[in-house]
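Input: a single structure, listed below in structure tokens.
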Number of protein chains: 2
Amino acid sequence: MNDATQLLSENSSDGEVGIVRHHDFRSDEEFRFECGETIPSFQLRYETYGNLNKDHSNAILVCHALSGDHHCAGVYSLQDRKPGWWNQMIGPGKPIDTNRFFVICSNCIGGCQGSTGPTSINPETGSPYRLSFPLPTIRDMVAAQARLIDFLEIERLACVIGGSMGGMQTLQWAIDFPDRVESILALATTPRQNDQAIAFNAVGRTAILQDPGWQNGEFTSGAGPDVGLSVARMMAHITYVSDEGLEQKFGRARRLLNPEQTLEEIEFEVESYLRYQGQVFVSRFDPITYIYFTKALDRFDLYGKSGSLEDAFANVTARALVIGFTSDWLFPPEQNRRIATALLRAGKNASYAEVDMKFGHDSFLLDSPELSRFIRNFLINR
Amino acid sequence: MNDATQLLSENSSDGEVGIVRHHDFRSDEEFRFECGETIPSFQLRYETYGNLNKDHSNAILVCHALSGDHHCAGVYSLQDRKPGWWNQMIGPGKPIDTNRFFVICSNCIGGCQGSTGPTSINPETGSPYRLSFPLPTIRDMVAAQARLIDFLEIERLACVIGGSMGGMQTLQWAIDFPDRVESILALATTPRQNDQAIAFNAVGRTAILQDPGWQNGEFTSGAGPDVGLSVARMMAHITYVSDEGLEQKFGRARRLLNPEQTLEEIEFEVESYLRYQGQVFVSRFDPITYIYFTKALDRFDLYGKSGSLEDAFANVTARALVIGFTSDWLFPPEQNRRIATALLRAGKNASYAEVDMKFGHDSFLLDSPELSRFIRNFLINR
């Protein structure tokens, strides 16, 4: 294990998590969703990196965003084109240091990437749940993860970390399991989805639900609401980036077209880029999960009926760091700052940091020495 | 006619334009589009308010935005639920004072509300043009309007005014017809469409072009790409308003739903509002025109090949006022300010004003004493 001096050094040569594989946790106990509906059993797909120490006190749970998954570090084979989605942050000597921490990342309940969700078989009918799967909330996602944490025999997490929808889960962990969370690190998130963010999700859902391929959720693979899902994703992708970031990447660049171009041909590079984002997404994501997860986001409101964020945080014991990003207009700095302010007002140990990055909401997924330093230092100062 | 003192008084009782009717201007001369294609003749639908003076020196041309039309003031009958889209700005004693000015507003070429466009009959084939109609540019819109101005025997316009796409036309008028424009007033606009704005338009076009109802533009009325067009409009509408404006209007308000609500049911008021916006739009707008006009916006780039806005403005003689709106994130204040700065750099008589309104891009369409004052004073100081 490295000592703190070495950890703090910017010049330490970071190691790689290397080749990983996923695990499946299965719970045969009934799971009751916040809406009251139940499923008889469920599975969560997850990965871990590093080793759990003897007293099980070094576990970090990483919560993923809407379209993320459990594969946040390492590769499945040396042929993989890309490592997990937060690979630059997780590994031996990296900010989330697997020499010190046992890192867990679980796919969410209701998802479509190995955890039980609408595409899973309902054991009571032998057919996929589809729309009969209960609508999960952020609280449900966290409750299901807590079962996994039980299974891993972890009483108390050293830290829960997540950005965007993962940041919502992070906050919910500190609220719902105050005794089980030592610290939280929430990035690019919000204490409640505002109307603009609901509006974007609503348009995405409309595109899916009104696609003739939707078929009330009973579509067959390859004949589903692909156009609707890709349009939803294209639009959402714009909200994940900034105008400045797009400008820098594309600068109104045009594709070379023949003079006889048709209206259907793509003219600007940014159009081509978005079309590609939409197509890739359709090949890996389930439309029902997309609708479910966006609903979970839209219903997220820590202010609740009391209208008080301080009240929501009353029982939190975790030390907290909230990080906003200057160019994030989906969950702008102000919304992140409000979380830290409310924690402080509620008498908690909380900080807010703002990272000046120009790539919008998705900045939290990108490499930044400043972001790395904030995360590294927060985890060192246990 | 009012004298200036009375015009400046905030307490002057403004009159109404009253009942109006539209006119159709028909040009039987060939019209050549910037792309080189031609049509043998065309029509522009327009309205006028006030009277042209003897020396024809008091004409103001109002240019409309993407989804606007020629009906910007007055009503067609006393039963009309709403007057024209800028009624609060145009009328006897109003900022664009019809006691002093002869105001013209023309529907754009390529449009779908009475001017010649894709849904018009091609006289050479007897069938609607549809996709055989040439793609208009902002410059084409202005060139067609210039023919109308010729027909009205107006040598020189006292002012060209417009917001958003209308602002682009306003700038183009000053550039293409420097001798015919005495002043310009451009609001909530941009010297070039940036990648983020192109991206939103691209998603809207994708939704239309990939709707099974698109049929390569050969759809029949009532069986067209209605879903695609309404999704495009819903998304675009979000870009016309601000998060603060939405928050103030909706504040996460929910509709009353029965406990057995289905996924298709609308949960948040903002969703309901957007759905309605989409539906209304489908009933009044043509999908081909929508694609054409968004293309015209996306291709708008006054920087051009030289990359210099000053060069673009080199021949402008018009006095200019550019107005940006603090909460406009589609064409933010900075993009408006750049227009005035470039005009000043090019040695022109130009000003920039910023109006603090919280309703986003569409603020220019709303009532504001400050905005009214800027416009009134600019027109008085001839």
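The values are calculated or read from the model by the stated rules, or taken from the named source; none is laboratory data. On a predicted model such as this, the values are computed, not experimentally measured, just so you know. Here Cβ is always computed from backbone atoms with ideal geometry, including for glycine, and neighbour counts include all displayed protein chains.
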Criterion: surrounded by fewer than 20 Cβ atoms within 10 Å (Cβ to Cβ) and more than 29 Å from residue A:107 (Cβ to Cβ) - qualifying residue of A:256, A:246: A:256
Residue identified as over 19 Å from residue A:59 (Cβ atoms) and of a type in the set (Asp, Glu) among A:150, A:176, A:140: A:140
Tally, over the stretch B:250-274, of residues that are within 9 Å of chain A (Cβ to nearest Cβ), farther than 17 Å from residue A:205 by Cα and among the aliphatic types (A, V, I, L, M): 1
Single residue of the stretch A:117-170 satisfying the filter (buried (at least 24 other Cβ atoms within 10 Å of the Cβ) and polar (S, T, N, Q)) that is farthest from residue A:298 (Cα to Cα): A:145
Any chance residue B:37 is surrounded by fewer than 19 Cβ atoms within 10 Å (Cβ to Cβ), over 22 Å from the mean Cα position of the chain (by Cα) and over 21 Å from residue B:154 (Cα atoms): yes
Among the residues listed as B:343, B:379, B:274, B:365, the single one being touching a residue at least 12 places away in the same chain (Cβ under 8 Å), touching a helix residue (DSSP H, G or I) at 6+ places or on another chain (Cβ under 7 Å) and hydrophobic (A, V, I, L, M, F, W, C): B:274
Boolean, residue B:234 is away from chain A (no Cβ under 14 Å), surrounded by 24 or more Cβ atoms within 10 Å (Cβ to Cβ) and in a helix (DSSP H, G or I): no
Segments classed as helices (runs of 4 or more DSSP H), wholly inside the stretch A:109-212, with at least 3 members that are within 14 Å of chain B (Cβ to nearest Cβ): A:195-209
Verdict on residue B:231 being within 26 Å of residue B:302 (Cα to Cα), modelled with pLDDT of 95 or more and outside the structural domain of residue B:362 (by TED's automatic domain parsing): no
Meets criteria (closer than 25 Å to residue A:305 by Cβ, in contact (Cβ under 8 Å) with a residue 24 or more places away in the chain and assigned to a helix (DSSP H, G or I)) for residue B:244: yes
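State yes or no: is residue A:228 touching a Leu at 6+ places or on another chain (Cβ under 9 Å) and at the interface with chain B (Cβ under 10 Å from one of its Cβ atoms)?
Details: touching a Leu at 6+ places or on another chain (Cβ under 9 Å): yes; at the interface with chain B (Cβ under 10 Å from one of its Cβ atoms): yes.
When the stated conditions are applied, residue A:228 passes them.
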